[in-house]
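The values are calculated or read from the model by the stated rules, or taken from the named source; none is laboratory data. On a predicted model such as this, the values are computed, not experimentally measured, just so you know. Here the Cβ is made from the backbone with ideal geometry for all residues, glycine too, and neighbour counts use every protein chain on show. Heavy atoms of the whole protein, side chains included, go into the accessibility calculation; ligands, DNA and RNA do not. Shrake-Rupley method; radii C 1.70, N 1.55, O 1.52, S 1.80 Å.
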Amino acid sequence: MDITGRKLFVKALREEGVDTIFGYPGGMVTDIFDELYKQEDIRVVLPRHEQGLIFEAEGYAKASGKVGVCLVTSGPGATNIITGLADAHYDSIPLVCITGQVPLGLIGNDAFQEVDIVGMTQSVTKYGVTVRDRKDLGRILKMAFHIARTGKPGPVLVDIPKDIQVRTGDSEYPSEVHIRGYKPNESVHIGQLKKAYRLLKAAKRPLILAGGGIFVSGANEQLQKFAERTQIPVVTTIMGKGALPANHPLYLGNSGMHGKYACNIAVSKCDVLFSIGTRFNDRITGDLNEFAPNAKIIHIDIDTAAISRNVVVDVPIVADAKLALEKLCEWAEKQDTEKWVEKMKGWDAENPLEMRKDRGMTPQMIMEAINRNYKEAIIVTDVGQHQMWATQYLEIGGRKKLITSGGLGSMGFGLPAAIGAKIAKPYQNVICITGDGGFQMNMQELATAITQDAPITICLLNNYYLGMVRQMQQLFYGKRYAATCLRKRKGCPDTCKGPNEACPPYVPDFVKFAECYGAHGIRVTEESQIQDAFEQAKRRDDAPTLIEFFIATDELVLPMVKGGNPMSEMILK
């Protein structure tokens, strides 16, 4: 029996196990929404902006382990998700994004709300296609889900013209699909792996660098087992935070631009660097000529293109992290690393990760309060200084998970991604850590949290500035705070050097903002109020709670490495 394209679309969602779709309606997807309206088993989440929508789908995908599904109309609906597509692309998040398109006969005629969204997003999607024949719709949708979730996961875009949605055709949805030219690697080159292990076994100062690929492949258990059997210490990238529990004796912390002193020195002093699931981007390497200068480098990554792209490695291995570590665990033997581990602990004691406590409430105090109050939680950050403080001071691992925007660094990610995570895991605590700048980029999504019964806790660190850029201006631009003060008004002096008595009041009032949406608002101005604020938030499960923490404007994220400098050259004070 023939059915319409829109009915086949809904059938595809069911076959793929989709129970939640993040959608915003418009003229070119009204037919699909009409079909979804008739269903009871597929939840349609209506956001307040398409960028919020795709970030919510990312949070949902990261928290659930499923493919996140988006549905938006043509033109601005489609262009508004481009940032989210890029974000998912860089952080390997599986999404299937469906965009409506003008009818086939109007494509290329500059019709109302027509854009070439496939062409626009080629560089930030794993696959993108416009469906031009109704008979291809089922196969293309099957391909989309298969490509999104296999190999190195990522976003896929399917553009469906309006006439394809209503045209009738075969009702069959394929059970499997074979794509010529797309063959994700599902094996491990044993010869290369043995070569890597021999190199590790002979090392005097071996070090494991674990990235986000550990989570993508679900290799946390295998990584911990391998580290414990060999006694090789571990450092992580920001995306790898939590790959080993924070309190594990072999875990040292994050390396990179805002990494721990001991971690960055360890990378510079190790003789074999075993890197798994990271792209070696500039935030990890700094000056490429000075990155791990004394080390032989082993690199395991599922993406062939990522290996030796930034850092030329000695032993390249294209493999899934979990498969590679499972095999390595079979060979793993204890190595004599006690002196090496003690040396790293000495570096840590020499320059510990700690903020001054004589200046009032600090971000460290807030993060430590989260550690005390939430032993099980999904913690989602926005992008900025608060993100770095979270990755420095939060205890992640076990039943506490971190979701953040790493590769693209998208401000506005935190709130919607936290909402998506709460929708995926309604019975888990979900905490959003954000700043006053990032929050305002998608603050309208608080309405989505209310309407979807998603009582998240929002920890908003307010320092009146776009803090990360302000930090660079303070350290490297002679304290010329250009366009970073969020209190600045037309009448303020152009050359203001920082807060003073003449500063105008801050807008908006975040507590009143939360309350006007039906959420709870709490304001915290000193350390003694922190614990009570979290206790209130935990009791209020009927709606989101926003806790506004006022922190010092000039609080810095330290250590810091200036862009392009060697990672061993850290600003510590």
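Could you give me the residue pairs with C-beta distances under 7 Å whose first residue belongs to the range 393-404 and is hydroxyl-bearing (S, T, Y), whose second residue is outside any strand (DSSP E or B) wherever it lies, and which are 6+ apart or on separate chains?
Partner pairs satisfying both residue conditions: Y393/Q364; Y393/M367; Y393/E368; T404/I238; T404/Q387.
Considering the range 273-291 alone, what residues qualify as being open to solvent by 20 Å² or more (accessible area, probe 1.4 Å) and either of a type in the set (A, V, I, L, M, F, W, C) or touching a helix residue (DSSP H, G or I) at 6+ places or on another chain (Cβ under 7 Å) (or both)?
Residues satisfying the conditions are R279, L288.
So which residues in the range 154-211 are under 30 Å from N264 (Cα atoms), part of a strand (DSSP E or B) and small (G, A, S)?
If the condition is that a residue be under 30 Å from N264 (Cα atoms), part of a strand (DSSP E or B) and small (G, A, S), then A210 is the only one that fits.
Among the residues of the range 205-219, is there at least one that is on the phi > 0 side of the Ramachandran plot and open to solvent by less than 10 Å² (accessible area, probe 1.4 Å)?
There is no residue in the range 205-219 that is on the phi > 0 side of the Ramachandran plot and open to solvent by less than 10 Å² (accessible area, probe 1.4 Å).
So which residues in the range 50-82 are over 19 Å from the mean Cα position of the chain (by Cα), under 21 Å from M443 (Cα atoms) and either in a loop (DSSP other than H, G, I, E, B) or touching a residue at least 60 places away in the same chain (Cβ under 8 Å) (or both), if there are any at all?
A78
Could you please give the count of residues in the range 292-321 that are out of contact with any Lys or Arg (no Cβ under 6 Å at 6 or more places or on another chain), buried (at least 21 other Cβ atoms within 10 Å of the Cβ) and farther than 21 Å from C270 by Cα?
3
Taking the range 99-121, which residues are open to solvent by 50 Å² or more (accessible area, probe 1.4 Å) and in a helix (DSSP H, G or I)?
Passing the criteria: G105, L106, M120.
Take the conditions closer than 25 Å to Y60 by Cβ and surrounded by 18 or more Cβ atoms within 10 Å (Cβ to Cβ) and apply them to I456. Does it pass? Break it down stepwise before answering.
Values: closer than 25 Å to Y60 by Cβ: yes; surrounded by 18 or more Cβ atoms within 10 Å (Cβ to Cβ): yes.
For I456, the condition - closer than 25 Å to Y60 by Cβ and surrounded by 18 or more Cβ atoms within 10 Å (Cβ to Cβ) - is met.
Could you list, in sequence order, the residues of the range 439-494 that are acidic (D, E) and not in a loop (DSSP other than H, G, I, E, B)? Before the answer, list the steps.
Taking the range 439-494 first, the residues acidic (D, E) are 445, 453, 494.
If the condition is that a residue be acidic (D, E) and not in a loop (DSSP other than H, G, I, E, B), then E445 is the only one that fits.
Condition check: closer than 26 Å to G409 by Cα, surrounded by 21 or more Cβ atoms within 10 Å (Cβ to Cβ) and out of contact with any helix residue (DSSP H, G or I) (no Cβ under 6 Å at 6 or more places or on another chain). Does K241 satisfy that? Outline the logic, then answer.
Values: closer than 26 Å to G409 by Cα: yes; surrounded by 21 or more Cβ atoms within 10 Å (Cβ to Cβ): yes; out of contact with any helix residue (DSSP H, G or I) (no Cβ under 6 Å at 6 or more places or on another chain): no.
Against the criterion (closer than 26 Å to G409 by Cα, surrounded by 21 or more Cβ atoms within 10 Å (Cβ to Cβ) and out of contact with any helix residue (DSSP H, G or I) (no Cβ under 6 Å at 6 or more places or on another chain)), K241 does not qualify.
Does T451 satisfy being among the polar types (S, T, N, Q) and either surrounded by 15 or more Cβ atoms within 10 Å (Cβ to Cβ) or touching a residue at least 24 places away in the same chain (Cβ under 8 Å) (or both)?
Details: among the polar types (S, T, N, Q): yes; either surrounded by 15 or more Cβ atoms within 10 Å (Cβ to Cβ) or touching a residue at least 24 places away in the same chain (Cβ under 8 Å) (or both): yes.
Taking the combined requirement at face value, the residue satisfies it.
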